[in-house]
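Engineer: Before we start, here is the structure in question, set down as structure tokens.
Bear in mind these aren't lab numbers, they're just calculated from the coordinates by the rules spelled out. Bear in mind the structure is a predicted one, so any value in this text is a computation, not a measurement. Note that each Cβ is placed from the backbone with ideal geometry, even for glycine, and that neighbours are counted across all protein chains shown.
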Amino acid sequence: MRTVLGAILLLVICVVGLAVIFPVYYRRGGSREAFCLSNLHALSNAARMYSLDHKGRLPNASTWMDDLRPYLTGKYAYRSPSSENPDVFHCPDDKKHQYSYAMNSNLRLADVPEPAKAVLFFDSDSGLRNAHVPISTISDLSRYRSHHEGGWHIVAHPDGDVEVLAPAQRPESPHAP
């Protein structure tokens, strides 16, 4: 009898847990979004390590992928462009491009009073290797399309934090194309 009650209790806990978790994954693409968050977090950490080795400077915007390569280790180690395995520079939600992220070419660490509000890397639909664009504020992201369903943008801040921004959090720019 005790075993049957234990099994029923375990089943109820599992069902309630799935009922709570499943809608979150269904709404935002779940595991693909988690990979993208993880990739941007790894890129942000690599940039922080790079800056420690280069007197507080960030990688050169036109060569940032190559500059960060030595700082990407373990499962984030750079894979060659011909590799069958996705790498840290590609978001699984991006079905069109090999490269899914861009660097903010406006950012200078010495000029950032609040790193948690600055954008270092973000998901981009440019598809270019070493993509870089000037971003002054988070609202500037409205000029760029997101490859995430629903228009979500994922950004990495210089302090290592990564954030998912709903389209409502990115006010439309009057200069958006």
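Engineer: Can you sort D67, D111 by how many other beta carbons sit within 10 Å, fewest first?
Structural biologist: On the way: D67 19, D111 8.
So the ranking, lowest neighbour count to highest, is D111, D67.
Engineer: Another question about this same structure. Provide the FRET efficiency to the nearest 0.05 for the A34-D66 pair, computing r from the beta carbons and using R0 = 35 Å. Mind showing how you got there, number by number?
Structural biologist: Details: r = 26 Å, r/R0 = 0.75.
The formula returns an efficiency of 0.85 here.
Engineer: Give, in nm to one decimal, the length gained when the segment between M49 and K95 is fully stretched (0.36 nm per residue of separation minus the Cα-Cα distance). Walk me through the numbers on the way to the answer.
Structural biologist: Working: separation 46, 0.36 × 46 = 16.56 nm, distance 3.00 nm.
The M49-K95 span can extend by a further 13.6 nm.
Engineer: Kirkwood hydrodynamic radius, computed over distinct alpha-carbon pairs, for region 31-169: how many Å, to one decimal?
Structural biologist: 14.8
Engineer: Give me the distance in nm between label points sitting 7 Å out from Cα along the Cα-to-Cβ direction at A110 and E163, one decimal.
Structural biologist: Going by the 7 Å Cα→Cβ label model, 2.6 nm.
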